[in-house]
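J.: Before we start, here is the structure in question, set down as structure tokens.
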Amino acid sequence: MSTVRRETKETTITCTVTKGSGVAQVATGHAFLDHMLVAFARYSGLDLAVQATGDLPHHLIEDVALCLGAAVAAELPPTCARYADRVIPMDDALVQCAVDLGGRPYYRGRLPSRMWTHFLRSFSDAAKATVHVRVLRGFDRHHIVEASVKALALCVRDAFVDTGAVFSTKGAVALEVTP
């Protein structure tokens, strides 16, 4: 279990991620964010508890993504599969996502909502993950965003699979940060 707490003048967030069965307990005061977090938990197979308050939707969504990404990174098995990709259809939307949970943050992709593009980028940065998202088709913003979150979550599920070996030509990589 990994818990990340973030408190600023703008937001107060507690996010806990546990390897589990995809159960979510979320309360952010933002209905669509709650919907996406429940979907992320369900499709990633990770149990998720999020309590969050914020002054503006932008600050709330961004800071929740930062906490979620950091908590996911903290739960990553050292001998995980690391890589994954998925294509998700959802009504009119068709979205492809590919991830590398190997410790190098990079995000590439554009959704029809700048806020949700920012959510994915913030998640990628905090998870230290490479995340590529391509919207292949779609016109309904809700469907495109939801398909993107579900694709990311399924990639996380697949990348979390413990293979029993370090999946890198570099061997185990250690990074220690001392404040």
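J.: Out of the stretch 106-141, which residues are free of Cβ contacts under 8 Å to residues at least 12 places away in the same chain and of a type outside the set (Lys, Arg)?
T.: 117
J.: Now a separate question. Give the residue, chosen from 81, 31, that is of a type in the set (Gly, Ala, Ser), over 13 Å from the mean Cα position of the chain (by Cα) and farther than 21 Å from residue 157 by Cα.
T.: Going through 81, 31 in turn, the sole match is 31.
J.: For residue 174, only one of the following conditions fails: (1) open to solvent by 50 Å² or more (accessible area, probe 1.4 Å); (2) modelled with pLDDT of 95 or more. What is its number?
T.: (2)
J.: Residue 132 - would you say it is more than 21 Å from residue 23 (Cα to Cα) and not in a strand (DSSP E or B)?
T.: Here the answer is no, as residue 132 does not meet what is asked.
J.: Within the stretch 154-164, is even one residue among the polar types (S, T, N, Q), out of contact with any Cys (no Cβ under 9 Å at 6 or more places or on another chain), open to solvent by 30 Å² or more (accessible area, probe 1.4 Å) and modelled with pLDDT under 95?
T.: Within the stretch 154-164, not a single residue is among the polar types (S, T, N, Q), out of contact with any Cys (no Cβ under 9 Å at 6 or more places or on another chain), open to solvent by 30 Å² or more (accessible area, probe 1.4 Å) and modelled with pLDDT under 95.
J.: List the strands (runs of 3 or more DSSP E) that sit entirely inside the stretch 1-102 and contain at least 3 residues that are at pLDDT 95 or above, under 28 Å from residue 137 (Cβ atoms) and open to solvent by 10 Å² or more (accessible area, probe 1.4 Å).
T.: Counting at least 3 such residues, we get 83-90, 93-100.
J.: Still on this structure: Mind listing whichever residues of the stretch 135-168 are assigned to a loop (DSSP other than H, G, I, E, B) and among the polar types (S, T, N, Q)?
T.: 163, 168, listed by residue number.
The values are calculated or read from the model by the stated rules, or taken from the named source; none is laboratory data. The shown structure was predicted, so the numbers you read here are calculated from the model rather than taken from an experiment. Note that each Cβ is placed from the backbone with ideal geometry, even for glycine, and that neighbours are counted across all protein chains shown. Only protein heavy atoms, including side chains, enter the accessible area calculation; ligands, DNA and RNA are left aside. Shrake-Rupley method; radii C 1.70, N 1.55, O 1.52, S 1.80 Å.
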